[in-house]
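The values are calculated or read from the model by the stated rules, or taken from the named source; none is laboratory data. Fair warning: this is a prediction, and the values are worked out from it, not measured in the lab. Every residue, glycine as well, gets a Cβ built from its backbone with ideal geometry; the counts of neighbours run over all protein chains shown.
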Amino acid sequence: MQIRQQAISRALSQLPQALLLSLRNHLEIWATVVVVLAAASFMLSRGTGFSITLMTVFAIWAMLAVSLNLVLGYTGLLSVGHVGFYGIGAYTVAALTANPRQELLEGEIIQIFAWPFFAALPVAVALCGVVAFVVGVAFSRFRDDVYVLVSFGFAIIAYNVFVNWQWVTRGPFGIHQIPKPAIFGYTINDDLEFLVLTLAFLAIVVGISWLIVTSSFGRVLKAVREDEDAIEVFGYRSSRYKLAIWVISAMMAGLAGAMLATYTSFVDPNSFILLESILLVAIVILGGLASIWGSLLGALAFVLLEEGVRFVPFLPPEHVGQVRQIILGTLLVLLMLFRPQGVAGRFKL
Amino acid sequence: MLQTLDIEKRFGGVYAVDRLSISIPRGLITAIIGPNGSGKSTLINLLSGTLPLDGGMVVVGPKRLRIIKPFDSPNIGLTRTFQDVRLFEQISVLDNLYVVMTERSSLLSLFQRARKEHRERAERILNVVGLWEKRNDLAEELSYGQRKLLEVGRLMAMNTQIYLFDEPFAGLALHMIEVVKGVMRELQEYGRTIIFVSHNMGIVRELSDYLIVMDSGRLLAHGRPDQVLNDPAVIEAYLGN
């Protein structure tokens, strides 16, 4: 009896150490369990409508995070310009589909196309691809710090276009009355149906990304990330690979932007400021570099944080945004110190 | 036959390679030796396109080249190792080989995955260099010697005519040196041309069929190793008066 008690007390005393070791060795699994459980309990406590909203926002951010991970995690190019393509996708759909009764701006009527969403969507995605190609021809010559700077420049230019090309974007006023997607005369007004559509697009983005990263192409991307000069000696033109993944990633970000526009039915330049790109980079790094699962996890954790902080008791509403950023920043610093590849990552910066 | 005709490379005002004209016989193992700073590694960098030529021409078979882009070097039949090992660190040992075995076209590579024949070839190569057990480890987790062997294995995975080894024996344990020598001999048996840079005179004497000695970016001597290593100019360059 005494021996058994001793064994139990010894096991209990070793429990914290064993848990810590397990946490360190299986952080990806533990983090997944914690985030998914937190999301499930949060959604259960807030009700169906809130859950649908949360999941829709998650799906849009997840598309963005997965697409950026192709460039940042798999190819090693730290781009802070992704928000530009997010905005181009959103504005293209907004400009082509919006049908306001009477939109006047400085005495001029802006062009009204009133296209259906599913006609505007491929145009938005293709336009992102074309812009990414043109920009990428120049960008693919760069790497490391210079790449960050030129992508920063792109984000600034894109934002200024959204603000100043008023004949397309309506500038700071934004574009209102963006319709919901309609197919064969059926309009997807129901939030649940919209969530299904968004998740379907997310599944396509994840599927394409998975095909890319598990192909020979994906392996070359990782080699470019590791040593761009060395991979060239083996017969690869690294700039072509960088350009190709940049274009693919931009098109995915454009798709996310298109979904945002039709979901919120309103776009303005404030949704596409540089801070959004920084947040996106943080999500990708937190979730895990070079891991599609990590990006999904990062996006879910971010959306939980975004929404969850709003319900913290005694926290004044005006401080919610600051608290979010403090938590995100602290997490980022801790991960850089103790786990530079992120929670589920396969690549250390 | 690989030839250089008056090739030049300058760094600022200093000539690292100075109007160098050499001919490297096909199907032999050629060693390049010379004091530190004599331009041996610069020559390898010029031949592989890692550094651009400032003058002169490289002749590989029927091709006469004034410009060599790094990504063109396999097309002209060249591949190389690096003086400081350059692996793809955060990918697996197996992927370090697959990446040089698979499709070069960015479009076609999207639809290709490592197949059974790739795995079989990688297995054979990794068994030769003794790294099959480490196949799933990241390259960065290997020891220095293992990293050099993986780089040699990566070279074996390339199917080219001319193999350039830059200091392949430096820092290796004896049994690893034997592995690299075995690889060079095997490549020679398949009719490949081997060029290696080394400071290890014992290995140079033992392994090379042809020897080139460089000093201050210029050709000092060339020919059969036993003759060249007894040349008074070579002895002076190495040992002084």
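Summary table
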| item | result |
| --- | --- |
| Listing of strands (runs of 3 or more DSSP E) fully contained in region B:192-241 that carry 3 or more residues being of a type in the set (V, I, T) | B:193-197 |
| Single residue of B:P52, B:P25 found to be out of contact with any His (no Cβ under 9 Å at 6 or more places or on another chain), surrounded by fewer than 14 Cβ atoms within 10 Å (Cβ to Cβ), under 23 Å from B:P168 (Cβ atoms) and more than 11 Å from chain A (Cβ to nearest Cβ) | B:P25 |
| Which listed residue is assigned to a helix (DSSP H, G or I), on the phi < 0 side of the Ramachandran plot and out of contact with any Gly (no Cβ under 6 Å at 6 or more places or on another chain), from B:L150, B:L164 | B:L150 |
| Region A:310-346, residues that are in contact (Cβ under 8 Å) with a residue 24 or more places away in the chain and touching a Lys or Arg at 6+ places or on another chain (Cβ under 7 Å) | A:Q341 |
| Scan of region B:80-100 for residues that are within 16 Å of B:N45 (Cα to Cα), more than 7 Å from chain A (Cβ to nearest Cβ) and either touching a helix residue (DSSP H, G or I) at 6+ places or on another chain (Cβ under 6 Å) or outside any loop (DSSP other than H, G, I, E, B) (or both), ordered by number | B:T81, B:Q83, B:V85 |
| Options A:F194, A:F201; residue that is farther than 18 Å from A:Y86 by Cα, surrounded by 15 or more Cβ atoms within 10 Å (Cβ to Cβ), of a type in the set (A, V, I, L, M, F, W, C) and more than 14 Å from chain B (Cβ to nearest Cβ) | A:F194 |
| 2 or more residues buried (at least 18 other Cβ atoms within 10 Å of the Cβ): qualifying helices (runs of 4 or more DSSP H) within region A:1-92 | A:27-46, A:48-69 |
| Residue in region A:327-338 that is surrounded by fewer than 17 Cβ atoms within 10 Å (Cβ to Cβ), closer than 30 Å to A:V161 by Cα and out of contact with any strand residue (DSSP E or B) (no Cβ under 7 Å at 6 or more places or on another chain) present | yes |
| Helices (runs of 4 or more DSSP H) contained entirely in region A:260-349, each with at least 3 residues that are modelled with pLDDT of 85 or more, over 29 Å from B:E89 (Cα atoms) and under 14 Å from the mean Cα position of the chain (by Cα) | A:274-287, A:292-308 |
| Of the criteria (1) closer than 23 Å to B:G191 by Cβ; (2) touching a helix residue (DSSP H, G or I) at 6+ places or on another chain (Cβ under 8 Å); (3) outside any helix (DSSP H, G or I), which one B:I76 fails | (2) |
| All positions within region A:213-251 that are at the interface with chain B (Cβ under 7 Å from one of its Cβ atoms) and under 18 Å from A:A132 (Cα atoms) | A:R240, A:Y241, A:A244 |
| Any hit, region B:45-54, residues being over 30 Å from B:N136 (Cβ atoms) and acidic (D, E) | yes |
| Residue within region B:87-109 that is within 23 Å of B:K40 (Cα to Cα) and at pLDDT 95 or above present | yes |
| Criterion violated by A:R310 - all others in (1) in contact with a Pro (Cβ under 8 Å, 6 or more places away or on another chain); (2) closer than 11 Å to A:W61 by Cα satisfied | (2) |
| Yes/no for B:L2 being in contact (Cβ under 8 Å) with a residue 60 or more places away in the chain and crowded, with 16+ Cβ neighbours inside 10 Å | yes |
| Meets criteria (among the aliphatic types (A, V, I, L, M), more than 7 Å from chain A (Cβ to nearest Cβ) and either in contact with a His (Cβ under 8 Å, 6 or more places away or on another chain) or surrounded by 16 or more Cβ atoms within 10 Å (Cβ to Cβ) (or both)) for B:I68 | yes |
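Okay, residues lined up against (1) surrounded by 15 or more Cβ atoms within 10 Å (Cβ to Cβ); (2) under 26 Å from B:E178 (Cβ atoms); (3) facing chain A (nearest Cβ under 9 Å); (4) within 21 Å of the chain's Cα centre (by Cα):
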| site | (1), (2), (3), (4) |
| --- | --- |
| B:T102 | yes, no, yes, yes |
| B:L110 | yes, no, yes, no |
| B:I125 | yes, yes, no, yes |
| B:W132 | yes, yes, no, no |
| B:Y144 | no, yes, no, yes |
| B:R147 | yes, yes, no, yes |
| B:E151 | yes, yes, no, yes |
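Conditions (1) without any contact (Cβ under 8 Å) to a residue 60 or more places away in the chain; (2) within 26 Å of B:E140 (Cα to Cα), marked per residue:
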site: B:D18; (1), (2): no, no
site: B:I29; (1), (2): no, no
site: B:N45; (1), (2): yes, yes
site: B:P52; (1), (2): yes, no
site: B:G61; (1), (2): no, no
site: B:P70; (1), (2): yes, yes
site: B:T79; (1), (2): no, yes
site: B:V85; (1), (2): no, yes
site: B:R104; (1), (2): yes, yes
